[in-house]
Amino acid sequence: MKQTMKIGMVLLGALTIAMWFGISSTAKKKEVLEGQYAQLEREIIRKESAFEEVMGLITEVEDQIGTIVEKENLVYGQSHESLNRGKKENIMKEIEMIDNLIFRSNQNIKILTDKVKSADLKRGVFQKRINTLQADLKERQTVIVNLKTELVTKDKALALLIHQTDSLNGTINAKAAEIEQKSLEVTQLTALNDELNKGYLAIGSFEDLKEKGVVDKEGGFLGIIGRKVTLQSDASKDQFMELDKRKVNQLRIEATSLSLVSNHPSGSYQILPGENETVKVLEITDPEAFWQISKYLVISKKS
């Protein structure tokens, strides 16, 4: 009877342990799935926002081209009438507005093309509409050039005004192109600088970090004594949190003790006590030296 009870207790204990591991495994799977779902939801929201922005730009360019057509028709109608001073002023005003609309439309089409590319949207869906907009705008530019030529032939005073306007617009467009180029260079340099200052952080117990493939132990006497915790060279970036090295001077970590697995000069940081025994603070005293060897910061901690 006692033997049967012992066997029953052992089986009950084994069943309890198996159930606990099953629950723990299910909880981990649930956590992973929830994380994947949250990431997918963020990606959908990002693409929806980019789609709405692109559609807004397309509508804006279409409206601008429609306005250009209206103003071209107005100029064309006035150009076939007797040109007094008032009409000349109206024609010049409309031409300046057309030039401005053409310039803004070209800028918007460029922004639109870059946005479709950078937002990782399906380019084929939008490319036909972008091509149509570019063709329509090119046609409008041809029409306004022909109108200007006709007006120059018809009236010398108007010819001078058109020449002055075109010269001014050429200067403005050149300056705008120069500013745009400078802005592009600044954007590229900023992006490059941000990329160079990216760091990667992983914090956890040795068991957690090993499970994620971030660290392992190697060497040691007889393969056991004095084994050293090392960073895995093929560790996936998905197991790290991305950070800006310029903005990380201190890290408050809940741990009774911690050590750096990644390689950083000893004089470039210090580990300080926190507000209680279960908190430690990693202070980077020399950021340039600290990140010089590795852009990965891996911290093994004990709670």
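Some observations on this one:
- Selection of strands (runs of 3 or more DSSP E) fully inside segment 192-247 by the criterion of at least 3 residues being modelled with pLDDT of 85 or more returns 198-204, 241-244.
- With respect to the conditions (1) open to solvent by less than 40 Å² (accessible area, probe 1.4 Å); (2) modelled with pLDDT of 75 or more; (3) over 30 Å from Ile130 (Cβ atoms); (4) of a type outside the set (Lys, Arg), Asn90 lacks only one, and its number is (1).
- Just so you know, in segment 249-290 the residues that are open to solvent by 50 Å² or more (accessible area, probe 1.4 Å) and among the hydrophobic types (A, V, I, L, M, F, W, C) include one that is nearest to Ala202 (Cα to Cα), and it is Ile271.
- Qualifying residue in segment 171-179 (condition: surrounded by 13 or more Cβ atoms within 10 Å (Cβ to Cβ), at pLDDT below 70 and in contact with a helix residue (DSSP H, G or I) (Cβ under 6 Å, 6 or more places away or on another chain)): no
- Within segment 65-77, residues that are closer than 14 Å to Leu133 by Cα reach partners that are open to solvent by 30 Å² or more (accessible area, probe 1.4 Å) and modelled with pLDDT of 80 or more with beta carbons closer than 8 Å, at six or more positions or on different chains, in the pairs Ile65/Asp136; Ile65/Arg140; Ile68/Arg140; Val69/Arg140.
- Failed item, numbered, when Val186 is tested on (1) modelled with pLDDT under 75; (2) open to solvent by 50 Å² or more (accessible area, probe 1.4 Å); (3) closer than 30 Å to Leu101 by Cα; (4) of a type in the set (A, V, I, L, M): (1)
- Residue match in segment 97-108 (condition: among the aromatic types (Phe, Trp, Tyr) and at pLDDT 85 or above): yes
- Segment 122-137, residues that are surrounded by fewer than 16 Cβ atoms within 10 Å (Cβ to Cβ) and either among the aromatic types (Phe, Trp, Tyr) or at pLDDT below 75 (or both): Lys122, Arg123, Gly124, Val125
The values are calculated or read from the model by the stated rules, or taken from the named source; none is laboratory data. The structure presented is a predicted model; accordingly, all values stated were derived computationally and were not measured. Cβ atoms come from the backbone with ideal geometry, glycine included; neighbour counts cover every protein chain shown. For the accessible areas, the whole protein counts, side chains as well, though only heavy atoms, and no ligand, DNA or RNA atoms are used. Shrake-Rupley method; radii C 1.70, N 1.55, O 1.52, S 1.80 Å.
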